[in-house]
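Heads up, the thing below is written out as structure tokens.
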Number of protein chains: 2
Amino acid sequence: MASTKHQQLLKKYADVIVKVGLNLRKGQRLVISNSRTRGVLAHAAPLVHEVARSAYAAGARYVDVIWGDEELIRIRLQNAARDSLSEYSKWHVTGAMDILERGDAFLTIVGENPDLLSDLNPDAVAAWQKAHLENFKVVGEALSNNKVNWCVVASVGPEWAKKVFPKLSAEKAQAKLWDEIFRATRSDQPNPVRAWKEHARKLKLRAAYMQAKQFSALHYTAPGTDLTLGLPRGHKWITAGSPAANGVDFIPNLPTEEIFTLPDRSHVDGTVTATLPLSYSGSLIENFSVTFEKGRIVKVSAKKGEKTLKKLIETDEGAKRLGEVALVPVSSPIAKSGHLFYNTLFDENASCHLAIGHAYRFTLEGGEAMSEDEFMKSGGNASITHVDFMVGSSKTDIDGIREDGSAEPVMRQGEWAFKA
Amino acid sequence: MASTKHQQLLKKYADVIVKVGLNLRKGQRLVISNSRTRGVLAHAAPLVHEVARSAYAAGARYVDVIWGDEELIRIRLQNAARDSLSEYSKWHVTGAMDILERGDAFLTIVGENPDLLSDLNPDAVAAWQKAHLENFKVVGEALSNNKVNWCVVASVGPEWAKKVFPKLSAEKAQAKLWDEIFRATRSDQPNPVRAWKEHARKLKLRAAYMQAKQFSALHYTAPGTDLTLGLPRGHKWITAGSPAANGVDFIPNLPTEEIFTLPDRSHVDGTVTATLPLSYSGSLIENFSVTFEKGRIVKVSAKKGEKTLKKLIETDEGAKRLGEVALVPVSSPIAKSGHLFYNTLFDENASCHLAIGHAYRFTLEGGEAMSEDEFMKSGGNASITHVDFMVGSSKTDIDGIREDGSAEPVMRQGEWAFKA
């Protein structure tokens, strides 16, 4: 892994993160963390160090890292008294809020073990997870409202690599996963920054097309799926970057291949079957379907992880409804790689997906200025959670439904049905 | 390193830390950090995990770890704008204060690279160090006033091991340093907890002897040393444990071989020559002498690191005076090992030492209740820093001076001159 070539790619990747993802401004501070594990995992240190060098070269005043440790979560859940699992350490939240109040850039580096907590008691895991979500809610909201320029990227962890490439040796699995990350983030291209500009331009044309249509609903058909999903008036199709409240244009996920908006929290009907496993709260949920009536989940079933899925939708009332709908063609480079990544950052960019839970204010016209009540009356959803699950495949057809009830193809066999 | 025997010793060491050092109470939270590096270094993870298991077994409600990263400090000092080095991230301080206000137990795990910043510009290092000391002062004071039960222990870092055992391979150096830690902390004994009780009993007899004497001064003679050091009225000789404000008896350092009290900040005269190098702020200071007049340092000289030493005493007014005097015989197990550890936790338990800077309130009768002004008028010293340096060897003689000016041997040739 420590080859010169790897080190060069890591440096280019770090530059993409700083220049394209965060678009870090001279004089900003940069904070690096991972809210799911309460901090960046130690295996990401080589990437963190390159990002720090790149950030200082870009004029960062200070690069501050909050580190975390997955194993400690496991040790806690295995050894601590059950009634202590809802205890929470507030400094993570007060620290993150200080950082956001200051307007510092915020980088999240993921790369967790997707199976970390799979063998533990789901009740214990859910108690721990819920305490985190409830306490961390203010931070999640500030980020999802784009208070500052933020970005989520990945670094290869040993358990994650082994999960994606189980037949390879540990070393080869990690090298292969790094190759996938470098390719998906265009870090392997001669001029990654220019490649990103071109990519963003194309995505924005797709979003503009859908934006102009203002469909009142989308209708999904696929094996195990027949779902009608309302789109509220004033929904905004977003892609590859937004301006943050601190004035900086940024791209919140690298890679990104999606265009997305919000569904109407009260107008989702029918059943959708997931096309990829979902890694949630340290466990995998596989082969699952979700049925909606008037926006609310009324039935779930899963061949594996059903209890974890049920815990997820019991998180709060908003976790029983959808907050995001995203379109990704099966020709996306990540989909074409043919790998299942067991990590939302990658899998969501290989497949059309929906998110259970929180809706982003900026996906609705005027949403940022609304009270929570107004936002919900306009079709938006509120929850302490936001979990993407994948519903697209080469068998997915999606129609756009106009106000008059007439239909128009949006996707056919998982591919765009229109030119933009 | 990952042998079963190593793992067993690590587990026993973790138990010593939790049961003897911290004396963790059922229902307490435990926080693990390292203020010098803003968090525990990643190489300490195996020890952290064993301590967490031991703490949960002892009834801890939550084991919370603040992780740090030395390399990031180096990257910052090498790459950040010079005028940015005094910027500080407040969450470390607010987080630590939250923890101390709650009364949680606080464990510090050291094991830094003693040469981390040796090749960097001393002005840059000093600017960074000073910002940390000034901001972290409130935390340091809360700990040194024993607000909670706290403890400092070591975990082997690769650079540290290589510095102590430069002729050994990286792996052998680390194994050897672990052996030294296990031995010094009595973790290799059949019943470490009982061994600690016996050890603490003996140390307390020494402290009680010195306490009863109430010498008005100590007089040091050794090659390059002729120093008279006043002891204020009401000075208290402390050893191996104190009760914290939260009511828990604890031992703040493992290992510990010293008995210590405070010198009179205005009555130190003469010259003292260090007998071991001092690792301070990522650099080594070697072969140095310090001359005092009326308590104040008036001259320093060092064959190596003189600039770093001068920066240290320029930290503030209190850094020009002494805050601690500690006695350790040359027969201490750590001294007998014959190794130089380049780490205060070990070297200070192999040698009589003095500390530049802050004096502990609990070393003066009634000190905890005094205002800073009262404390200083009574002979105590105040500073944002507290740095031990070693002055004892087999050539050190120390006399206790009575109020009438008569003398009595306290140490001869580095060994106790009295029975206790």
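The values are calculated or read from the model by the stated rules, or taken from the named source; none is laboratory data. As the structure is a computational prediction, the values presented were derived from the model and not from experiment. Note that each Cβ is placed from the backbone with ideal geometry, even for glycine, and that neighbours are counted across all protein chains shown.
Is it the case that B:F375 is in contact with a Gly (Cβ under 7 Å, 6 or more places away or on another chain), among the aromatic types (F, W, Y) and in the same structural domain as B:L309 (by TED's automatic domain parsing)? For B:F375, the condition - in contact with a Gly (Cβ under 7 Å, 6 or more places away or on another chain), among the aromatic types (F, W, Y) and in the same structural domain as B:L309 (by TED's automatic domain parsing) - is met.
Give segment A:92-114 a look and list any residue that's under 30 Å from A:E306 (Cα atoms) and modelled with pLDDT of 90 or more, or say none. Answer for segment A:92-114, where residues must be under 30 Å from A:E306 (Cα atoms) and modelled with pLDDT of 90 or more: A:T108, A:I109, A:V110, A:G111, A:E112, A:N113. Highlighted here are the strands (runs of 3 or more DSSP E) found entirely within segment A:236-302 that include at least 2 residues which are farther than 30 Å from A:A200 by Cβ, in contact (Cβ under 8 Å) with a residue 60 or more places away in the chain and under 18 Å from the mean Cα position of the chain (by Cα): A:283-293. When every residue of segment A:103-123 is checked against the conditions, at least one turns out to be farther than 25 Å from A:T256 by Cα, in a helix (DSSP H, G or I) and either touching a Lys or Arg at 6+ places or on another chain (Cβ under 9 Å) or within 11 Å of chain B (Cβ to nearest Cβ) (or both).
Taking segment A:63-74 as the range and being at the interface with chain B (Cβ under 9 Å from one of its Cβ atoms) and either under 14 Å from B:G39 (Cβ atoms) or buried (at least 20 other Cβ atoms within 10 Å of the Cβ) (or both) as the test, the residues that pass are A:V63, A:D64, A:V65, A:I66, A:W67, A:G68, A:D69, A:L72.
Residue by residue through segment A:255-285, note down the ones that are among the aliphatic types (A, V, I, L, M) and farther than 24 Å from A:G21 by Cα.
First, the residues of segment A:255-285 that are among the aliphatic types (A, V, I, L, M): A:259, A:262, A:268, A:272, A:274, A:276, A:278, A:284-285.
Listed by number, the residues that qualify are A:V268, A:V272, A:A274, A:L276, A:L278, A:L284, A:I285.
Would you check if B:R233 is part of a loop (DSSP other than H, G, I, E, B), more than 30 Å from B:Q7 (Cβ to Cβ) and of a type outside the set (S, T, N, Q)? When the stated conditions are applied, B:R233 passes them. Evaluate the following for A:R61: is it in contact with a strand residue (DSSP E or B) (Cβ under 8 Å, 6 or more places away or on another chain) and in the same structural domain as A:L143 (by TED's automatic domain parsing)? Yes, satisfied.
A:L309 meets the conditions (1) within 13 Å of A:I356 (Cβ to Cβ); (2) in contact with a helix residue (DSSP H, G or I) (Cβ under 9 Å, 6 or more places away or on another chain); (3) not acidic (D, E) in every case but one. The failed one is (2). So is A:A175 surrounded by 15 or more Cβ atoms within 10 Å (Cβ to Cβ), touching a helix residue (DSSP H, G or I) at 6+ places or on another chain (Cβ under 6 Å) and not charged (D, E, K, R) or not? No.
Exactly one of these conditions fails for A:L117: (1) under 18 Å from the mean Cα position of the chain (by Cα); (2) over 26 Å from A:V63 (Cα atoms); (3) at pLDDT 90 or above. Give me its number. Condition (1) is where A:L117 drops out.
If you go through segment A:158-192 and keep only what is in a loop (DSSP other than H, G, I, E, B) and over 18 Å from the mean Cα position of the chain (by Cα), you end up with A:F165, A:P166, A:K167, A:L168, A:S169, A:R186, A:S187, A:D188, A:Q189, A:P190, A:N191.
For B:K147, indicate whether it is basic (K, R), within 30 Å of B:G367 (Cα to Cα) and part of a loop (DSSP other than H, G, I, E, B).
Details: basic (K, R): yes; within 30 Å of B:G367 (Cα to Cα): yes; part of a loop (DSSP other than H, G, I, E, B): yes.
Considered against the rule, which asks whether it is basic (K, R), within 30 Å of B:G367 (Cα to Cα) and part of a loop (DSSP other than H, G, I, E, B), B:K147 comes out as yes.
All of (1) within 20 Å of A:Y13 (Cα to Cα); (2) among the aromatic types (F, W, Y); (3) out of contact with any strand residue (DSSP E or B) (no Cβ under 6 Å at 6 or more places or on another chain) hold for A:W150 with one exception: (3). Within the set A:I66, A:I73, the sole residue that is touching a strand residue (DSSP E or B) at 6+ places or on another chain (Cβ under 8 Å), β-branched (V, I, T) and within 25 Å of A:E159 (Cβ to Cβ) turns out to be A:I66. Hey, could you check segment B:37-57 for residues that are farther than 28 Å from B:G282 by Cα and at the interface with another protein chain (Cβ under 9 Å from one of its Cβ atoms) and say which is surrounded by the fewest Cβ atoms within 10 Å (Cβ to Cβ)? Checked segment B:37-57; the qualifying residue surrounded by the fewest Cβ atoms within 10 Å (Cβ to Cβ) is B:A57.
May I ask you to list the residues in segment A:409-420 that are touching a Phe, Trp or Tyr at 6+ places or on another chain (Cβ under 8 Å) and surrounded by fewer than 19 Cβ atoms within 10 Å (Cβ to Cβ)?
Restricting attention to segment A:409-420, the residues satisfying the condition of being touching a Phe, Trp or Tyr at 6+ places or on another chain (Cβ under 8 Å) are A:409-410, A:418, A:420.
If the condition is that a residue be touching a Phe, Trp or Tyr at 6+ places or on another chain (Cβ under 8 Å) and surrounded by fewer than 19 Cβ atoms within 10 Å (Cβ to Cβ), then A:P409, A:F418, A:A420 are the ones that fit.
Of the candidates A:A195, A:A127, the single residue that is within 14 Å of chain B (Cβ to nearest Cβ) and over 19 Å from the mean Cα position of the chain (by Cα) is A:A127. Just one of the listed residues (B:V110, B:V193, B:V125) is under 17 Å from B:N34 (Cα atoms) and outside the structural domain of B:K336 (by TED's automatic domain parsing), namely B:V110.
Do the conditions hold for A:D98, that is, is it surrounded by fewer than 20 Cβ atoms within 10 Å (Cβ to Cβ), in a helix (DSSP H, G or I) and either more than 7 Å from chain B (Cβ to nearest Cβ) or in contact with a Gly (Cβ under 9 Å, 6 or more places away or on another chain) (or both)?
Numbers: surrounded by fewer than 20 Cβ atoms within 10 Å (Cβ to Cβ): yes; in a helix (DSSP H, G or I): yes; either more than 7 Å from chain B (Cβ to nearest Cβ) or in contact with a Gly (Cβ under 9 Å, 6 or more places away or on another chain) (or both): no.
So A:D98 does not fit the description; no.
Pairing each residue of segment A:353-366 that is within 15 Å of A:L309 (Cβ to Cβ) with any residue that is among the acidic types (D, E) and modelled with pLDDT of 95 or more, provided the two are 6+ apart or on different chains, yields C-beta distances under 9 Å for A:L354/A:E324; A:A355/A:E324; A:I356/A:E324; A:G357/A:E324.
Please find, within segment B:75-95, the residue that is nearest to the other protein chains (Cβ to nearest Cβ) out of those that are β-branched (V, I, T) and either farther than 12 Å from B:L120 by Cβ or surrounded by fewer than 17 Cβ atoms within 10 Å (Cβ to Cβ) (or both).
At the first step, the residues of segment B:75-95 found to be β-branched (V, I, T) are B:75, B:93-94.
In the following step, the residues that additionally are either farther than 12 Å from B:L120 by Cβ or surrounded by fewer than 17 Cβ atoms within 10 Å (Cβ to Cβ) (or both) were identified as B:93-94.
Working: B:V93: 10, B:T94: 6 Å.
It comes out as B:T94.
Of the helices (runs of 4 or more DSSP H) entirely within segment A:306-403, those holding at least 2 residues that are touching a strand residue (DSSP E or B) at 6+ places or on another chain (Cβ under 7 Å) and farther than 25 Å from A:K213 by Cβ occupy A:306-313, A:344-347.
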